[in-house]
1. Being over 15 Å from the mean Cα position of the chain (by Cα) and assigned to a loop (DSSP other than H, G, I, E, B) is true for just one of ALA111, ALA146. Which residue is that?
2. Please determine whether any residue of the range 153-163 is part of a loop (DSSP other than H, G, I, E, B) and in contact (Cβ under 8 Å) with a residue 12 or more places away in the chain.
3. Restricting to the range 24-37, what's the tally of residues that are part of a strand (DSSP E or B) and surrounded by fewer than 23 Cβ atoms within 10 Å (Cβ to Cβ)?
4. Taking the conditions exactly as written (modelled with pLDDT of 95 or more and outside any loop (DSSP other than H, G, I, E, B)), does THR53 satisfy them or not?
5. Scanning for something modelled with pLDDT of 95 or more, of a type in the set (D, E, K, R), surrounded by fewer than 19 Cβ atoms within 10 Å (Cβ to Cβ) and within 18 Å of the chain's Cα centre (by Cα), does the range 115-136 turn up at least one residue?
6. Within the range 48-73, track down each residue that is over 14 Å from the mean Cα position of the chain (by Cα) and without any contact (Cβ under 8 Å) to a residue 40 or more places away in the chain.
7. Does LYS212 satisfy the condition of being free of Cβ contacts under 8 Å to residues at least 40 places away in the same chain, part of a loop (DSSP other than H, G, I, E, B) and surrounded by fewer than 16 Cβ atoms within 10 Å (Cβ to Cβ)?
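The values are calculated or read from the model by the stated rules, or taken from the named source; none is laboratory data. On a predicted model such as this, the values are computed, not experimentally measured, just so you know. Note: ideal-geometry Cβ built from the backbone for every residue, glycine included; neighbour counts use all protein chains shown.
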Amino acid sequence: MCLVLAAYDNHPDYKLVLIANRDEFHDRPCKKLHNWDTDTSIQAGKDLEAGGTWLGVSIAGKVATVTNVRKPSSYAPALRSRGLLVTDFLESSINIDQFNQELIHSAHNYAGYNLLTFDQSQLCCFNNVTGSLEKLDPGIYTLSNADIHTSWPKTSRIRSNFESLSSNNENKDFSENLFRIMRDDQKASDEMLPVTGVSKQVEKQLSSIFIKGEHYGTRCTSIITIDKKGLMNFYERSYNRLGNISGNQKLTMKLTNQTIQTK
C-alpha cells in the first residue's frame, strides 16, 4: 500500500474503518481479492511476483497492511519481500504483542516499511527505519511512505475528506463515498511537496491520493469496515493504467468469538 487511513474506535457505527490505495507498476502481476487456499483462510489480493500481499484479513479476524518508506538514498538490497510481513501476521498463532517484538528483531531483513496490525483488541504500527513500535489509541491515523506521524498533503487531504464524510449523518452509501475519497487525483502545490529523495517531477506525480500514470499508478482501492456488531465487509476496486475501473470484489464476514464466518 502507499496510502492508508485507519479510523479505530472513532466512528459511531464502526470499530474499524480502513481505506487504502495500492500504487504499483502496472506490469507487476497480481491476483485480485480472494480466499487463499491456506489453513488460516487469508482473504487478500496476492502479489504474484513475491508471493505476499499488500492488505489482508484472516479467519481469526486479524487485519494487516504494509506501506514502503520512500528513502532512495538509504536503499539496500532486501532479503525478503515486505508483503510477506502481512501474511506472516495473518498466519501467525502467536499474539500481536509477541509478533511485534519479533518484528524488531527481524527489522534489518527488509527495506523500509510501516506495518499496521489489528487483532480486534488493538491497532499497532511498526516502522523498521525508526524502530518505532506503537500501540495506537482510538483515533484517526493516516499513513503513506513516511512514518505514521508525518503529514503529507495527501494524508491531510484524505483525513479532512474522511472527517467530513463521517460527520454527515445523512450519508446513505458509506462504502461508495469512501471509494470517491480515494479517487481524488488533485496534486499538491510545488511548495507543499515533501522531499524524499526522488525528483520534483516524481514527487508531484505521487502527491495525489489517486495516481494515474502509463507505467505506475493506483492499481486498486481497498476498504475494510468492521461494525459494532462484528460484521466485516472487505471491498476491493481495481483500476487499469488509464485509471478506469477494471473489477470489483467484496467479501462479507461475521466475526464471532474472534472467528470469521464467510458468506
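1. Just one listed residue meets the conditions, ALA111.
2. no
3. Number satisfying all stated conditions: 7.
4. Here the answer is no, as THR53 does not meet what is asked.
5. yes
6. LEU48, GLU49, ALA50, GLY51
7. Criteria met by LYS212.
To keep it simple, each residue is scored yes or no on (1) at pLDDT below 95; (2) farther than 22 Å from TYR110 by Cβ.
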{"position": "ASN35", "(1), (2)": "yes, yes"}
{"position": "ALA60", "(1), (2)": "yes, yes"}
{"position": "ALA64", "(1), (2)": "no, no"}
{"position": "GLU91", "(1), (2)": "yes, no"}
